[in-house]
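Peer 1: Have a look at this one before I ask anything.
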Amino acid sequence: MQYRLALDIDAPHARVVELFLDPGTLSAWQPDLVSFETIPGADPRAVGAKSRQVHKMGKREVVMVETITVHDFPERFAASYEADKVWTLVETRFVEVDAETTRWIVDNTFKCGGVVRLMAMLFPAMFRKQTLTFMQRFKDYVESAG
């Protein structure tokens with residue numbers, strides 16, 4: 001399953017990128033993030049770098065391994081996320097609309113197995129909604145951080 005979402009953020013491009021790349025801000029806009037730890041071996045934001053993330057989803061915790069696949073900021077960033085029977089590629093771009101507006105474009109590719117695959121086929125809008133909620137949280141954080 002693949003889809004693209006876009007959202008305009010009322011903040012300058014450089015500020016949006018700065019906040020997006022700062023791992024210290026993650027808990028401010030990802031309230032379901034329980035823990036984030038880099039896996040030693042490379043610069044945490046370099047291509048090939050890995051991190052272990054634990055997210056609270058409902059009553060359970062989901063462990064994901066993030067692998068940076070593209071780091072061409074300020075133009076483009078991509079990472080894959082692997083969890084039990086789910087692989088996701090998230091490609092992110094921030095485009096300057098004007099001096100005070102940045103468009104955030106996210107392309108998602110999901111490969112799922114088991115029950116998650118069935119859910120993706122039956123309820124694709126659920127995945128888009130979850131991504132849009134995530135994007136809206138970041139937008140709200142950036143716009144309130146100034």
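The values are calculated or read from the model by the stated rules, or taken from the named source; none is laboratory data. Just so you know, these numbers come straight off a predicted model, no measurement behind them. Methodologically, a virtual Cβ is constructed for each residue, glycine included, from the backbone with ideal geometry; neighbour enumeration extends over all protein chains shown.
Peer 1: Phe138 versus (1) in a strand (DSSP E or B); (2) under 27 Å from Pro44 (Cβ atoms); (3) at pLDDT 95 or above: which is the lone unmet condition?
Peer 2: Unmet for Phe138, out of (1) in a strand (DSSP E or B); (2) under 27 Å from Pro44 (Cβ atoms); (3) at pLDDT 95 or above: (1).
Peer 1: While we're here: Looking at segment 43-107, what strands (runs of 3 or more DSSP E) fall wholly within it and have at least 2 residues that are charged (D, E, K, R), at pLDDT 90 or above and closer than 17 Å to Val17 by Cβ? Can you show your working first?
Peer 2: Numbers: elements: 50-57, 60-72, 76-83, 86-98.
Those strands (runs of 3 or more DSSP E) span 86-98.
Peer 1: Please go through segment 11-31 and give me each residue that is out of contact with any Phe, Trp or Tyr (no Cβ under 9 Å at 6 or more places or on another chain) and exposed (fewer than 15 other Cβ atoms within 10 Å of the Cβ), ordered by number.
Peer 2: Taking segment 11-31 and keeping what is out of contact with any Phe, Trp or Tyr (no Cβ under 9 Å at 6 or more places or on another chain), we get 11-12, 14-15, 18, 22, 24, 31.
Ala14, Asp22, Gly24, Pro31, listed by residue number.
Peer 1: Of the conditions (1) of a type in the set (A, V, I, L, M); (2) farther than 21 Å from Arg137 by Cα; (3) more than 13 Å from the chain's Cα centre (by Cα), Ile9 satisfies every one except a single condition; which number is it?
Peer 2: Condition not satisfied by Ile9: (2).
Peer 1: Let me ask another. Can you give me the number of residues within segment 24-65 that are polar (S, T, N, Q) and in contact with a Pro (Cβ under 9 Å, 6 or more places away or on another chain)?
Peer 2: Step one: list which residues in segment 24-65 are polar (S, T, N, Q), which gives 25, 27, 30, 35, 38, 51, 53.
Restricting the remaining residues to those that are in contact with a Pro (Cβ under 9 Å, 6 or more places away or on another chain) gives 38, 51.
Matching residues across segment 24-65 total 2.
Peer 1: Just to be sure I understand the filter: pairs with C-beta atoms under 9 Å, separated by 6 or more residues or on different chains, first member in segment 17-34 and without any contact (Cβ under 8 Å) to a residue 12 or more places away in the chain, second member polar (S, T, N, Q). Which pairs pass?
Peer 2: Going by the 9 Å Cβ cut-off, the qualifying pairs are Leu26/Gln53.
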